[in-house]
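Let me begin by presenting the structure, written as structure tokens, before commenting on it.
The values are calculated or read from the model by the stated rules, or taken from the named source; none is laboratory data. Every value quoted in this text rests on a predicted model; they were computed, and no experiment measured them. Please note: Cβ atoms are built from the backbone with ideal geometry, for glycine as well, and neighbour counts cover all protein chains shown. Note: areas computed on protein heavy atoms with side chains; ligands, DNA, RNA excluded. Shrake-Rupley method; radii C 1.70, N 1.55, O 1.52, S 1.80 Å.
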Amino acid sequence: MTDSHLTNPDFGGLPVAVAGLGVSGISAARVLHGLGARVTVVDGGSGPGLAPRAAELEALGVTVRLGDGASLPEGTELIVTSPGWAPDSPLFAAAEAAGVPVWGDVELAWRLRKPLPGTGEPAPWLAVTGTNGKTTTVQMLASILTAAGKRTAAVGNVGVSVLDAVLAEEPYDVLAVELSSYQLHWAPSLRPYAAAVLNLAPDHLDWHGSMEAYAADKGRIYEGNVVACVYNLADPATEALVREADVEEGCRAVGFGLGAPGPSNFGVVDGLLVDRAFVEDRAKNAAELGAVEDVCPPVAHHHPSDEGAPRRRPAAPHNIANALAAAALARAYGVEPKAVREGLRAFRPDAHRIAEVGVVGEVTYIDDSKATNTHAAAASLAAYRPVVWIAGGLAKGAAFDDLVRGAAGRLRAVVLIGQDRALIREALERHAPDVPVIEAAEGQTGAVAMAEVVRTAASLARSGDTVLLAPACASMDMFTNYGERGDLFAAAVLELAGE
């Protein structure tokens, strides 16, 4: 069966294989079963954690095949894959040989969209990708759209499942969609109303195989854009993706950056966020969207010297850029400037994204556990000086020379953790040889390990310093996920304050 045969398909009786028994796989299996497909879920794992999930689906009438994720179930006419399954998986090689198309959950959702009442068209997608900043930008965008009076949600790789969103009984007016490179790889027919690539830096190269393949999958988000392809003026690679995209006639390239914007771009002038793209006579005019200070919500705690309202921390440069990208997508959709300001003021970031945990002994402790790659860690390190940096974990194939070279002048000391710590230590020896480096004890994990790390960092810090958890690595060698890593960091800081 060809992929074109499955455009707006009737799934009744269609034999479909779902790859993966994770959250997205279970969601896809339930949806497909509800549409009448004959669903078989395959997963190479067979551990006890999968058994309850398998039992739930089998109770619905879904076939589940554990311990074999390589062979194609007989008669399969479509595979719907979980995002994490790599393109070189044997299952997909078997599918290609058999002429069976492979979709991701985003592709399935795109094809299941329903027309909105009164318009005849499905809810438009305003889509965001990039190596870093996706979740924050999409949540800022959803906050802006909500302030404009739209029923919306942050969906995709964050928040509401994209399948649940397109099938919701009460339809959404517009969706703010976060898309990973994995999801874009498996979404060949996706055509957003407007889309943004925030930045490009090496990440997930073990999955994609090369930086070129990774960038190409990110660039898929621009295909078929209707109104605007939003790109980062400070990152030429994002503009190159716009140039290569096949878009609808009249779709415009719109840049965002931290300087004064030229015509067709978004930027900052005298502390104000400014739009020179979606205004009349953009060669001469601009629209004020808000102030830089609108990007930084009040921190959650009081410094001991504060007397009254919580302090407002200056916005990190990369979050100002995220706000401009969100504003550009909202303006492409037609949102008024007032709603942009209101939405940014109402936005509150998720945990573990440059979150100020507390001030102990005149040292500030920052949790940026979400900085799981070098690009994110670089943005975090650029916001503080001097820094006692907590770094390390699973490197995912990354190199650390550029990161350390750029941050060397900000470092008071470094505490290294995790499996691939040697890669960071060697980069520090090359580019910051005078910076003290302490390695946490090997073999420890969880709360015990983090408590030692925080005490070590505290002993290295001086009054006015920042202890920054921005590991530049994934967490699963020592913690369940980056969230647990950040939670345990915060708990250790609170324990330190109690002492």
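A few comments on the model shown:
- Dipole check for the chain: with +1 at the C-beta of Lys and Arg, -1 at the C-beta of Asp and Glu, and the Cα centre as origin, the magnitude is about 840 Debye.
- Options H318, A237, N481, ranked by Cα towards positive dipole end of the chain, top entry (Cβ charges): H318
- For segment 250-266, the Karplus equation 6.51 cos²θ - 1.76 cosθ + 1.60, evaluated at θ = phi - 60°, returns couplings of x, 5, 10, 8, 10, x, 10, x, 8, x, 5, x, x, x, 6, 10, 10 Hz by residue, with Gly and Pro reported as x.
- FRET efficiency, 1/(1 + (r/R0)^6) with R0 25 Å, evaluated for V23 and E495 via beta carbons: 0.15
- The chain - percent of accessible surface contributed by carbon and sulfur, probe 1.4 Å: 51
- Across all directions, the average projected area of the convex hull around the alpha carbons of segment 383-436 is 3.4 nm².
- P(r) for the chain, from all Cα pairs and a bin width of 20 Å, is 22, 52, 25, 1 %, short bins first.
- The Rg/Rh ratio for segment 378-475 is 0.93, where Rg is the radius of gyration of the alpha carbons and Rh is the Kirkwood radius.
- The Rg/Rh ratio for segment 128-228, using Cα coordinates for both the radius of gyration and the Kirkwood hydrodynamic radius, is 0.98.
- Positive minus negative residues near A237 (Lys, Arg vs Asp, Glu; Cβ under 12 Å): -2
- Charge sum, other residues only, whose C-beta stays under 15 Å from L50's C-beta, Lys/Arg counted +1 and Asp/Glu -1: -2
- Charged side chains reduced to their Cβ positions (Lys and Arg at +1, Asp and Glu at -1) give segment 350-499 a dipole of some 360 debye around its Cα centre.
- Projecting the Cα atoms of V62, A330, T136 onto the charge dipole of the chain (Cβ charges, centred on the Cα centre) puts A330 farthest toward the positive pole.
- Cut-off under 5 Å, modelled amide H: who pairs with V41 long-range: V18, T63, V64, R65
- Set K150/K218; K284/K338; K114/K218; K114/K370; K134/K396 screened for pairs whose C-alpha atoms are more than 31 Å apart: K114/K370
- Residue-normalised accessible area of the chain, expressed per residue, 1.4 Å probe, Å²: 41
- Across the protein chains, with a 1.4 Å probe defining accessible surface, the residues K114, K338, K284 rank K284, K338, K114 from largest area downward.
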